[in-house]
Every structure is written in C-alpha cells, then in structure tokens.
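Below: one structure, written as structure tokens.
The values are calculated or read from the model by the stated rules, or taken from the named source; none is laboratory data. Predicted model, so just to flag it, every value in this text is computed and none were measured. In this analysis, Cβ positions are derived from the backbone assuming ideal geometry, glycine residues included, and neighbour counts consider all displayed protein chains.
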Amino acid sequence: MKTKKTIYSLAIGLASVTAVSVHAQSMSGHDHGGQHGQMTTMQDMQTPAAKAPSDPHAGHNMSQMDSADDITTMQDGQSSTSMPSTDPHAGHDMSQMDQGEMRMQGGSPPPDARDPHAYANGTKVGEGVYAVPGVPRLRLHDEHSFASLRAERLERKFNRNADDSTAYDLQGWFGTTYNRFVIKAEGDVAKRRVQESRTELLWSRAIATHWDAQAGVRMDTGEGPNRQWLAFGVQGLAPYWFEVDATGYLGTDGRTALRLEASYELLITQRLVLEPKVEVQAFGKRDPQRRVGSGLSEASAGLRLRYEFTRQFAPYIGIERAGSYGETADFVRAEGGKPQRTRVVAGLRLWF
C-alpha cells in the first residue's frame, strides 16, 4: 500500500514538472504584447475600478514561473521576436504608390501642365500695341490724365411776359485725379445777342474726399463793359449728397462778388431723376454800367425732371423761378422789366 502511494506521488510530481516545462516553452513562442493585453483584460475584469498601471509589465502574473530558467527562457523568446521600429512609417510599403502626384515644388512639371505663356500669344513685356514707352514702372491712379466735358444745361426758357431765351451751363476739365484745369461757362442768349455771360478758367486741386479747391480768373461779357475777376472757391459733394459750388471774386476798383450754387438729385427710378437747384449771386459794390447793385443781386430756384436714356444723354423739362433784388431790381424796373420771373424750361443734359 505504501509502495502504491509512493508511485502515485512520483507520477504527480513528474506530471507537474512536465506541465511547467510545456508552459515555459509555449510562453517563449507567444507574442508578449498580445499576452500582456489578455492579462490586462483579465485584471481589468477582476478590478474594474482600478486605474491603468503606468508600468507596461505591472499587470503580468508571474506566480506560475518559479524558476530563473523559466524567466530566462521567456526573455530569450522575447528577444528573438523583433520589436517594432520607432519610425512610424518603417512598416509602410510604398512600392505600389504613384509617385507622380507626390512631386515637390520646384521639380519638373507634369506632361499635361498648362503653358503659362499660352495666353500671351507671344507678346512680351515692353512689346505690342499697349506697351508703354520708356522704363517700365508702376503707374498710380493719380498719374494718368483724363478729360471731360459736361453740359449741365442746354435749355430753352419760355417766358410769359418777356422774350424767350436760350441758356447754357458748361463745365470741362483736363488733368489728373488731384490736379486739373477747369473751364466753366454760363450765359443767356436772347434776340440773337449774348445778354449775360460768365467764363472762368480755374486750377482745381483735391483737398479732401469729394472736395476740390479752385483758383483762377473770371471774365464777364454781354451788355455793358467787360469785367475781370480773380476767383477762388470750393466745389464738391456735401453730406447727404448735395452738390455745392461756392466761389468768391475780387475785381478791379475794389469790386467783390460771391456766387453760391447747390443742387440735389432725387432718383425716382434708375433713369427718371428729379433735380432741384438753387443759385444766389451777391456783389459788394454797385456797378451801374452793368445794372448791378450792391448786396443780394439775383437768386433763382428751379426744378427739373430728366429721363436718362443713357448717363451721357438725358432730356429734361422743368420750371424755374428767378428774381432780382435790391438795387439790381431797381435797374430792371427802370428798363421796363419785371424783377420776378417764372419760366418753363426744356433742354438736354450731356457729358462726354
């Protein structure tokens, strides 16, 4: 009986040694990274509230390895397995990729690239009909010269108690955005004679947004002797889109004058425009030869409705109330005229 127990004990010990050896051999051939993941999962299932260990081998259970030989065998098995490279692209196979789309800037262009000179038709810088002579340079907007001619009024005035007359109001300029020469001409023609005419030659300089300072000379012709003046003033666009022209004058023999003009364009539609306009003239000294008194001399207020077939061509009709005041009204009465006049007008507004 004792002999049988001894035999059973030896058999159990031999089986245990064999199982440990087989387990050690199987551990040496396993991927340690996968075993680590399985052990960690089992440990997480046992302690779900535990935090992940910072040591990558903290979750390994080494209780079954009771000999240094098993540990050595396991280390040998791990050392024989190639560790992953630190290069994140070391395992990528790039042999099958098309390298044509990965060319860096500065390399040879692809065969189907567009010719950058295809739209030039062979024209080079400094050649062709649009080439600017001289040294090539950047031209700013204030270096170009332009010209414009605008006829604010080319109209016929129909008077109830007086002869009809024709009036004109022209303005032309030539120059750059900031500096230009300006010509202003305004007058009335009746009975085939120039009744009154004012012509100004000015130098205009931009001083602010939408505003020009002007200085030059003025010539008055018509009935009576001609008069010459020095002119200085401003012209521009006031707030709320009022067009303003204010000019002062210095003449011979101490004569002075002031002329103010303001207008506003009210767009009823994109083509139908209603324009009220006011003009006032005053003189500092009476001039009997030209039938002009001192102080407020003349004032007019008109309302014109135009239709713009184009911005450059616009016929209009309107009504105007004009009057003479002070000593100027006395001169008009002395000649048998009426100081206050209401006129119907029709004309064209043009610009080029």
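Some values worked out for this structure:
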| item | result |
| --- | --- |
| Matching residues, segment 298-352, being crowded, with 16+ Cβ neighbours inside 10 Å and not in a strand (DSSP E or B) | Glu308, Tyr325, Gly326, Glu327, Thr328, Ala329, Phe331, Val332, Pro339 |
| Given (1) within 21 Å of Gln235 (Cα to Cα); (2) touching a residue at least 24 places away in the same chain (Cβ under 8 Å); (3) more than 35 Å from the chain's Cα centre (by Cα), number of the condition Pro276 does not satisfy | (3) |
| Strands (runs of 3 or more DSSP E) fully within segment 176-242 counting 3 or more residues that are under 19 Å from Leu149 (Cβ atoms) | 179-190, 193-208, 211-222 |
| Number of positions in segment 146-168 that are not in a strand (DSSP E or B) and not acidic (Asp, Glu) | 3 |
| Neighbours by Cβ (under 6 Å, 6+ apart or cross-chain): first from segment 330-341, at pLDDT below 95; second among the hydrophobic types (A, V, I, L, M, F, W, C) | Pro339/Ala329; Pro339/Val332; Arg341/Ala322 |
| Complete set of residues in segment 267-285 that are of a type in the set (Gly, Ala, Ser) and either in a strand (DSSP E or B) or in contact with a His (Cβ under 6 Å, 6 or more places away or on another chain) (or both) | Ala282 |
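Yes or no, residue by residue, for (1) out of contact with any Leu (no Cβ under 9 Å at 6 or more places or on another chain); (2) modelled with pLDDT under 80; (3) surrounded by 10 or more Cβ atoms within 10 Å (Cβ to Cβ):
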{"position": "Lys124", "(1), (2), (3)": "yes, yes, no"}
{"position": "Val135", "(1), (2), (3)": "yes, yes, no"}
{"position": "Ser145", "(1), (2), (3)": "yes, no, yes"}
{"position": "Ser148", "(1), (2), (3)": "yes, no, yes"}
{"position": "Glu155", "(1), (2), (3)": "no, no, yes"}
{"position": "Asn159", "(1), (2), (3)": "yes, no, yes"}
